[in-house]
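Comments concern the structure below.
The values are calculated or read from the model by the stated rules, or taken from the named source; none is laboratory data. Quantities reported herein were computed from a predicted structural model and do not represent experimental measurements. Glycine gets a Cβ as well: all are built from the backbone with ideal geometry, and neighbour counts include every protein chain shown.
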Amino acid sequence: MIEELKKHLEAVEAFQADTAEALEAFRIEYLGKKGHLSTFFAALKDIPKEEKKEFGQTVNTLKNAANAKWEALKAELESRTATEARYGDLTRPGAPMPVGSRHPISLVRDQIISIFSGIGFTVSEGPEIEDDWHNFTALNLPEYHPARDMQDTFFIQTDPDILLRTHTSSVQVRYMEQHKPPIRTISPGRVYRNEAISARSHCFFHQVEGLYIDKGVSFADLKQTLQYFTKALFGKSRIRLRPSYFPFTEPSAEVDVYWGLETETDYKITKGTGWLEIMGCGMVDPNVLENCGIDSKEYSGFAFGMGIDRIALLLYQIPDIRLLSENDVRFLKQFKNAL
């Protein structure tokens, strides 16, 4: 009889239940009125006197083991049931996480940076709150220069020498002051001008300006660089350079890319010419180099600048520049596939 008790004790210790039904069957088998324990307690009176003590102790051990096993498995099943009721079936695939979208400005900026990084340009950044020297004077725009009127400026009232930068050329000035040639860098960033807000213009927008300074840099190098860029970004390599004026470059030019006249939209954005203006450029004026501590007799360079917002409007056929700053989720969701 003792050996039978020990076998039951091993069975109790090894028992596991995955369902409430199996646990209830275990309870009835051992702890029920007609279970094994009731049978063993009833048989206690028939056990020889010399074996009764050991038999009784073993039955009590079996009873305690069966109770402990039942309570432990019951708590485990209740905990599992509560978790499943709260979270559902944990074996099911999880719900898809909502995917955000990149802003079109960020997408275009990163494309431009990637293109120029591929030909050796570094990225430089500077403060958006600038002083007069870096924003104007160092760039061949001394006080009262009439070209300052081309850029309606937000000045800080408490200090007329402090302003919101009107272009990222100020970053180029700071870079030239801190680095010696050869210099090959682009400066992306937000700029501010006191302009009326409309579908085509805003009081703040984004630019990328580029600068290359070394010995023997020519206008031909500038044209080749811009041709490479327009081919990489727009897939179009036909460009033209029209004479223009910028105080900090001489000679200066406006850059047009041939967009074509294949659709009604092409006619609209190019005004029926097929040509689309995308940036300004030119050879860095020697005075600018000297203002930044670079010997203009030994070094020459070119610079260019373009509006990221305008290119984003063009690439994604966005009709209104104000959409770029209104944070309308419905608008931004359209660019999920552009990640």
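Before we move on, is Gly118 exposed (fewer than 14 other Cβ atoms within 10 Å of the Cβ), farther than 25 Å from Ala25 by Cα, at pLDDT 85 or above and not hydroxyl-bearing (Ser, Thr, Tyr)? First the steps, then the outcome.
Details: exposed (fewer than 14 other Cβ atoms within 10 Å of the Cβ): yes; farther than 25 Å from Ala25 by Cα: yes; at pLDDT 85 or above: yes; not hydroxyl-bearing (Ser, Thr, Tyr): yes.
Yes.
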> Which of the residues spanning the range 167-190 are crowded, with 20+ Cβ neighbours inside 10 Å and touching an Asp or Glu at 6+ places or on another chain (Cβ under 8 Å)?
Replying inline: His167, Thr168, Ser169, Ser170, Val171, Gln172, Ile183, Ile186, Ser187, Pro188, Gly189
>> Step by step: first the residues of the range 315-339, then only those that are polar (S, T, N, Q) and part of a loop (DSSP other than H, G, I, E, B), then the one that is surrounded by the most Cβ atoms within 10 Å (Cβ to Cβ). Which residue is that?
In response: Ser325
> So which helices (runs of 4 or more DSSP H) are wholly in the range 1-108 and hold at least 2 residues that are of a type in the set (D, E, K, R) and at pLDDT 75 or above?
Replying inline: 2-14, 20-31, 49-87
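Say whether the condition of being at positive phi, modelled with pLDDT of 85 or more and of a type outside the set (A, V, I, L, M, F, W, C) is met by at least one residue in the range 169-182.
Going residue by residue through the range 169-182, those that are at positive phi are none.
Looking through the range 169-182, none of the residues is at positive phi, modelled with pLDDT of 85 or more and of a type outside the set (A, V, I, L, M, F, W, C).
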>> Scan the range 192-209 and tell me whether some residue there is in contact with a Leu (Cβ under 8 Å, 6 or more places away or on another chain), crowded, with 20+ Cβ neighbours inside 10 Å and either under 15 Å from Pro127 (Cα atoms) or not assigned by TED's automatic domain parsing to the domain that holds Trp259 (or both).
In response: yes
> Within the range 183-202, how many residues turn out to be at pLDDT below 90 and of a type in the set (A, V, I, L, M, F, W, C)?
Replying inline: 3
